[in-house]
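The values are calculated or read from the model by the stated rules, or taken from the named source; none is laboratory data. These figures come from a predicted structure and were not determined experimentally. Cβ atoms come from the backbone with ideal geometry, glycine included; neighbour counts cover every protein chain shown. Remember, those area values only see protein heavy atoms, side chains included, never the ligands or the DNA or RNA. Shrake-Rupley method; radii C 1.70, N 1.55, O 1.52, S 1.80 Å.
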Amino acid sequence: MKLLTFLGTGPYAETQYTWQEQSFTSQFAPAASSRFLQASQVITFLTEDAQDKVIEPFKASLQPEIRIQPIPVPLGKDQAELWQLFSQVSQVVKPGETIAFDITHGLRSFPLVGLLAAAYLRTGFSVELKAVLYGAYDIGRQVSPGYTPMFDLTPMLTLLEWAVAADRSKRTGDARYLASL
């Protein structure tokens with residue numbers, strides 16, 4: 001199973017990530033996600049600055065048997081660069097594969113692009129989406145210092161399906177897809 005993730009330049013503070021009765025201490029949420037989900041490969045999208053600053057500590061945080069594939073991406077400073085990022089994410093996944101995303105880190109727009117790519121890959125390429133994990137560091141600091149809960153945002157993709165179904169119903173009068181949801 002592939003875990004796709006984004007890394008920025010930080011700051012990254014060590015915390016104990018928790019998800020489904022599991023916990024792992026790291027400064028990188030994707031290191032915890034890779035353990036929780038038993039990923040065999042981590043594909044990491046990162047800018048040039050992030051490549052220079054965090055890729056080595058990130059590699060060291062992963063289990064030795066996990067293959068890591070760093071992919072340089074643009075900053076996303078305009079619409080063309082955001083589409084390039086979307087394309088790069090989409091190209092590393094083959095139809096029918098099982099994947100997961102960790103959208104905790106990276107530049108602010110990257111998690112949104114990742115979530116939309118996940119929806120696209122699931123629908124357009126019959127990709128099995130195991131999870132879309134987000135480490136809620138700030139919530140952990142407020143609720144239980146030293147612990148960071150991880151949330152699976154995969155059910156939120158259902159909202160996109162509802163939007164498509166509502167649009168189809170409105171445009172065509174065919175409410176079957178909406179009814180099936």
Selection status of residue 64, loosely packed, with under 12 Cβ neighbours inside 10 Å and either acidic (Asp, Glu) or out of contact with any helix residue (DSSP H, G or I) (no Cβ under 8 Å at 6 or more places or on another chain) (or both): yes
Residue tally, condition closer than 16 Å to residue 146 by Cα and either crowded, with 21+ Cβ neighbours inside 10 Å or not aromatic (Phe, Trp, Tyr) (or both), over the stretch 22-59: 8
Flag if residue 98 is more than 15 Å from residue 153 (Cα to Cα), at pLDDT below 95 and open to solvent by 20 Å² or more (accessible area, probe 1.4 Å): no
Some residue of the stretch 132-145 being in contact with a Pro (Cβ under 6 Å, 6 or more places away or on another chain) and free of Cβ contacts under 8 Å to residues at least 60 places away in the same chain: yes
Residues within the stretch 47-66 that are within 17 Å of the chain's Cα centre (by Cα) and over 15 Å from residue 28 (Cβ atoms), tallied: 1
Helices (runs of 4 or more DSSP H) enclosed by the stretch 107-181 - at least 2 residues per element that are open to solvent by less than 60 Å² (accessible area, probe 1.4 Å) and more than 28 Å from residue 17 (Cα to Cα): 157-172
1 or more residues touching a Pro at 6+ places or on another chain (Cβ under 8 Å): qualifying helices (runs of 4 or more DSSP H) within the stretch 1-104: 48-61, 79-91
Odd one out for residue 8, checked against (1) modelled with pLDDT of 95 or more; (2) in contact with a His (Cβ under 6 Å, 6 or more places away or on another chain): (1)
